[in-house]
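Heads up: the structure comes next, in structure tokens.
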Amino acid sequence: MRLILLGPPGAGKGTQANILSEKLKISTISTGAMLRNAIRENTELGRRAEKYLSDGQLVPDDLVVAIVKERLSRDDCKNGFILDGFPRTIVQAEALDASGVKVDKVLSIEVPDETIVERLSGRRECKSCGTPYHILYNPSKSGERCEKCGGELICREDDNVETIKKRLAVYHEQTEPIKGYYGKQGKVVSVHGREKLEDTVKEVFSALNIDTQ
Ligand code: AP5
């Protein structure tokens, strides 16, 4: 399975990517996580990307395309992958096509804007492995710690109301048109990012024809 996850900030792309990755035994490539790691490690990429993330804007296409191409060339992507947060512009989608990487499906997770602010205000993310939780809808079974690795749970810097609104505007303007791009290729399947996580998971598995057992 070579899958793209599409959806507004806070739609649940990272959450579904984690679940699908475990189920299908394929790697997830999250450009957001890669960029946040680069910022934490103060690399050249991190220094160039930081201002865009904190302002809720997209990092320039050439920077992101380069890191994704390199990541996709590694061995663990040979049998499939999940792209979470890429492509995010038509230019990025065209660059992926031009590089010869074929995707099977584009899963669009639909969540209304009104729900997003509440979702992201309650999100907690593991500082070590990046697993997302929600204080109400998807709490960690280990309380204040990550249930997977025991890492500290933190609020992301771009999860404040002002930046969330900017990220939503950027999504509608620059990323949503990608649905039309892949729609023409007959690859888009849409699901509702429902209030109950288990309902969304069921819908996602059904849309992708994945056995729930
Ligand atoms: P990125 O990290 O990709 O952020 P995003 O797209 O804004 O998405 P989020 O990670 O905020 O949300 P999500 O959809 O993964 O939701 P989650 O599963 O956490 O990008 C960050 C920044 O990096 C960008 O702004 C940009 O600057 C830069 N960037 C990244 N990629 C780029 C690219 N390709 N080009 C240029 N720049 C790029 O879920 C959210 C919350 O909801 C959680 O608390 C979760 O527990 C909860 N939840 C999930 N599903 C459900 C459900 N069904 N019901 C109830 N709660 C749920």
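Structure values in brief
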{"read-out": "J(HN,Hα) series, the range 177-182, from Karplus relation 6.51 cos²θ - 1.76 cosθ + 1.60, nearest Hz, glycine and proline x", "value": "x, 4, 4, x, 4, 7"}
{"read-out": "The chain - percent of accessible surface contributed by carbon and sulfur, probe 1.4 Å", "value": "49 percent"}
{"read-out": "Computed log₁₀ I(q)/I(0) - Debye formula, equal Cα scatterers, no solvent, the range 22-69, q 0.22 Å⁻¹", "value": "-0.75"}
{"read-out": "Peptide ranges 128-138, 78-88, 143-153 listed from the most packed, as the mean C-beta count within 10 angstrom indicates", "value": "78-88, 128-138, 143-153"}
{"read-out": "Spatial separation of Cα centroids for the range 164-194 and the range 44-101, in angstrom", "value": "16 Å"}
{"read-out": "DSSP-defined antiparallel bridges as percent of all bridges, the chain, nearest 5", "value": "30 percent"}
{"read-out": "Global geometry of the range 1-40, whether rounded, prolate or oblate, following the gyration tensor of its Cα atoms and the 1.5 cut on a/c", "value": "oblate"}
{"read-out": "Calculated from backbone phi, Karplus (6.51, -1.76, 1.60) coupling profile of the range 79-89 in Hz, x at Gly/Pro", "value": "9, x, 6, 10, 9, 10, x, 8, x, 10, 9"}
{"read-out": "Whole-Hz couplings from phi, Karplus 6.51/-1.76/1.60, listed for the range 155-161; x for Gly and Pro", "value": "8, 6, 4, 8, 9, 10, 3"}
{"read-out": "Cα centre as origin, Lys/Arg/Asp/Glu Cβ charges: the chain dipole, Debye", "value": "420 debye"}
{"read-out": "Dipole magnitude of the range 119-168 about its Cα centre (Cβ charges: Lys, Arg +1; Asp, Glu -1), debye to nearest 20", "value": "160 debye"}
{"read-out": "Cut-off under 5 Å, modelled amide H: who pairs with Lys105 long-range", "value": "Arg2, Ile4"}
{"read-out": "Where the Cα pairs of the range 74-145 fall when distances are cut into 10 Å bins, in %", "value": "14, 33, 31, 20, 2"}
{"read-out": "Whole-number percent relative contact order across the chain, with pairs defined as alpha carbons under 8 Å at least 6 apart", "value": "28 percent"}
{"read-out": "Placed amide H near Ser190: partners under 5 Å, 5+ positions off or other chain", "value": "Ser108"}
{"read-out": "Distribution of pairwise C-alpha distances over the range 1-97, 10 Å bins, in %", "value": "15, 49, 33, 3"}
{"read-out": "Radius of gyration and maximum dimension Dmax of the chain, Cα, Å", "value": "16.2, 45"}
{"read-out": "Per residue accessible area of the range 79-184, 1.4 Å probe, in Å²", "value": "50 Å²"}
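The values are calculated or read from the model by the stated rules, or taken from the named source; none is laboratory data. Here the structure is a predicted model, which means the values were calculated and not measured. Neighbour counts are summed over all protein chains in view; Cβ atoms, including those assigned to glycine, are modelled from backbone coordinates with ideal geometry. Only protein heavy atoms, including side chains, enter the accessible area calculation; ligands, DNA and RNA are left aside. Shrake-Rupley method; radii C 1.70, N 1.55, O 1.52, S 1.80 Å.
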